[in-house]
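Reviewing the structure listed below.
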Amino acid sequence: MSEKPTVEQYQKYIQDRDFHAIKCKSCGAVIAPPKGMCYSCGGRDLEWVKVSGNGKLVSFTVIHVAAEEFQDEAPYFVGIIDLEEGTRITARLLDLDPNDPSKVQLGMPMKLDYQTGKSGRVYLGFRPA
Ligand SMILES: [Zn+2]
């Protein structure tokens, strides 16, 4: 019997700096954040998998007006990372300066990292690999 993956558990993995996605046992699709069923085949037999954290940058934007957690740090980049396992994650880009955008290129390899907000909460981030 497999435990149904929840968003709460997903968040707990992030707080523990141990990022996990869910994997569909029927077709192998990797999904994050978790949903009740596989977006690819509709399967409901899902399990947690640890992902490599390796991916490529597919899109990015600059955040000027930040959430309170990161107000002091704006402006900064937020991007979409295409993980090698096949799922896409939206997260902050670390070690890249919006005042020097020439260093940011679509398709550049990125590596999962974490950052802590003012509240002490841990968030996903990605830095150049
Ligand atoms: Zn599936």
Considering Cα pairs under 8 angstrom that are at least six residues apart, work out the relative contact order of segment 54-128 and quote it in whole percent.
32
Among residues other than Pro98 whose Cβ falls under 14 Å from its Cβ, what is the net charge (Lys/Arg +1, Asp/Glu -1)?
-2
Using the Cβ atoms and a cut-off under 13 Å, what net charge is assigned to the surroundings of Pro75, where Lys and Arg are +1 and Asp and Glu are -1?
-3
Sequence gap at least 6, Cα distance under 8 Å: using those rules, report the relative contact order of the chain to the nearest whole percent.
21
For segment 1-54 and segment 81-129, distance of Cα centres in Å:
20
Percentage relative contact order, segment 11-61, counting C-alpha pairs under 8 Å, at least six apart:
33
Counting only Cα atoms, I'd like the Rg/Rh figure for the chain, Kirkwood definition for Rh.
1.00
Divide by every residue of the chain the summed helix terms, -39500 (n - 2.57) for each DSSP H run of at least 4, and state the resulting mean residue ellipticity at 222 nm, rounded to the nearest 500 deg cm²/dmol.
-2000 deg cm²/dmol
Expected sort for Met110, Met37 with the fewest Cβ neighbours (10 Å cutoff) up front is Met37, Met110
Pick out, from Ala91, Val51, Gly107, the residue whose Cα sits farthest towards the positive end of the charge dipole of the chain, with +1 on the Cβ of Lys and Arg and -1 on the Cβ of Asp and Glu.
Val51
Over all pairs of distinct alpha carbons, what does the Kirkwood formula give as the hydrodynamic radius of segment 32-93, in Å?
13.6
Give the share of C-alpha pairs in each 10 angstrom bin for segment 7-50, from 0 to the last occupied bin, in whole percents, shortest bins first.
33, 51, 16, 0
Listing His64, His20 by rising number of other beta-carbon atoms within 10 angstrom, fewest first, gives His64, His20
Give, as a single signed number, the net charge of other residues whose beta carbon lies under 14 Å from the beta carbon of Ala21, with Lys and Arg counted +1 and Asp and Glu -1.
+1
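None of the figures in this text is laboratory data; all of them are computed from the coordinates on show. Small disclaimer: the values here were computed from a predicted structure and weren't measured. Neighbour counts run over all protein chains shown; Cβ positions are idealised from the backbone, glycine included.
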